Amino acid sequence: MIRVAAWSGAIALAVGTFLLVTHETIVEKEGTGADRAILLWIAGLRTPRLTAVMVDLTALGSPTLVVLFTLVTFAILAVLRDGRGAAHLAVASVYPSDVVSGGSLGTAWALILAAGIAVTVGRGGN
């Protein structure tokens, strides 16, 4: 019961703070000087190369982001010592058209059989 009260209080405090800051920023136009100063400072740091990198990272389907997610996932699997998961990720990374989009099923079946994964096709899973 105390946990519920603590979480409810924390949520009420967060919502109240958000509403207060929003009201001061939008209605009373306070705090815009600090926002503008921060934005101008960040804009001064910007270079064409950095802008291109940031635009690439914000595009969720970009190759850069896919590579970053893959590397982070490999790192997590390495820390967890999950060799099978790392092998699956490696296969999906090396043969994405075969495994993900169903390009050449022959290659996918060869990889499955080479990995020694039991395959029950057409037997209803028995």
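The values are calculated or read from the model by the stated rules, or taken from the named source; none is laboratory data. Keep in mind that what you see is a predicted model, and the values were worked out from it rather than measured. Cβ coordinates were reconstructed from backbone atoms using ideal geometry, including for glycine residues, and neighbour counts include every protein chain displayed.
Observations on the model:
- Listed by first and then second residue, the pairs linking a residue in segment 76-92 that is in contact (Cβ under 8 Å) with a residue 24 or more places away in the chain to a residue that is exposed (fewer than 13 other Cβ atoms within 10 Å of the Cβ) and of a type in the set (A, V, I, L, M, F, W, C), with Cβ atoms under 9 Å apart and 6 or more places separating them unless they lie on different chains, are 87/115; 91/115.
- Hits in segment 1-20 (condition: at pLDDT below 85 and of a type in the set (Val, Ile, Thr)): 2
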